[in-house]
Amino acid sequence: MQKKILRLALILMMAATLQGRAQYAKQDSTYSKFFIGSTLFMIANLVPDNNPPQMIYLNLGYRITGRDAVSLEFKTWKYAWPIGIPYGKSFEAEGEGFPGYIRERGVSLNYQRFLWNGLFAQVDVMPAFQTFVNENHKKIDNGFQIFNTYSIGYHIKFFKDRLFFQPSIAVTHRPYQSTMPDLFKQVDDKWSRFFFGQPGLHFGFNF
């Protein structure tokens with residue numbers, strides 16, 4: 001599943017480079033202060049697969065200045081492989097997954113800073129509550145982690161700035177993870193708490 005979505009992400013990110021100047025100038029007082037958005041990765045919920053993410057993702061934001069924005073993201077999804085598995089032969093490979101899956105729910109606090117034209121950097125910090133589910137679809141435990149995302153991307157405006165699209169690439173990091181059930185922990189401990197090259201396909205509406 002993730003490999004299919006990664007290919008889509010690369011295509012859209014390459015297409016996004018055709019847009020020109022995109023940031024909100026400091027001296028421009030006419031831009032919309034508020035925005036609402038989501039991610040195109042929710043399309044994965046509709047793709048027939050044995051590992052659907054069942055993702056729900058909502059972003060609510062405020063532009064402090066023409067270069068600075070803060071937002072809250074409400075997220076839930078599930079995953080059956082450790083997040084730290086890098087791209088390669090082990091990525092979503094049979095035998096590398098959890099004995100079940102993890103359902104995650106959280107709210108992240110995000111800060112975005114425009115660096116040059118539409119180029120931006122963003123930091124997301126998300127406390128996340130976890131539910132561990134075994135192969136028989138039975139809940140076996142609860143958990144908690146801090147999940148951070150460090151992104152760089154490009155902001156593209158459409159339809160007189162009513163709509164925007166933000167392709168990005170990120171490093172994700174789990175600085176804290178509560179104790180997992182033993183069989184989950186054995187699988188997770190094999191991999192780093194960093195993941196490099198996570199694509200982002202955010203979009204939103206200004207108002």
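The values are calculated or read from the model by the stated rules, or taken from the named source; none is laboratory data. The model shown is predicted, which means the values in this text are computed figures rather than measured ones. Cβ sites come from the backbone with ideal geometry, for glycine too, and all protein chains shown count toward neighbours.
What to note about this one:
- N134 being in contact with a His (Cβ under 7 Å, 6 or more places away or on another chain), closer than 18 Å to E104 by Cα and without any contact (Cβ under 8 Å) to a residue 40 or more places away in the chain: no
- When region 150-207 is filtered for residues that are aromatic (F, W, Y) and either surrounded by 19 or more Cβ atoms within 10 Å (Cβ to Cβ) or in contact (Cβ under 8 Å) with a residue 40 or more places away in the chain (or both), the ones remaining, listed by number, are Y154, F164, F165, F184, W191, F194, F195, F196, F203, F205, F207.
- With respect to the conditions (1) over 18 Å from F41 (Cα atoms); (2) buried (at least 18 other Cβ atoms within 10 Å of the Cβ), E135 lacks only one, and its number is (2).
- Residues within region 97-141 that are in contact with a Lys or Arg (Cβ under 8 Å, 6 or more places away or on another chain) and closer than 20 Å to Q177 by Cα, tallied: 15
- Sole residue being of a type outside the set (F, W, Y), surrounded by 13 or more Cβ atoms within 10 Å (Cβ to Cβ) and either at pLDDT below 55 or out of contact with any Lys or Arg (no Cβ under 7 Å at 6 or more places or on another chain) (or both), chosen from A69, A9, A15: A9
- Within region 157-190, tally of residues that are out of contact with any Phe, Trp or Tyr (no Cβ under 9 Å at 6 or more places or on another chain) and within 19 Å of F98 (Cα to Cα): 6
- In the set S90, S108, only one residue is touching an Asp or Glu at 6+ places or on another chain (Cβ under 6 Å) and closer than 30 Å to K33 by Cβ; that residue is S108.
- Subset tally (residues that are of a type in the set (G, A, S) and closer than 11 Å to L40 by Cβ) for region 186-203: 1
- The strands (runs of 3 or more DSSP E) located wholly in region 119-207 that include 2 or more residues which are within 16 Å of the chain's Cα centre (by Cα) occupy 119-134, 139-154, 163-177, 194-206.
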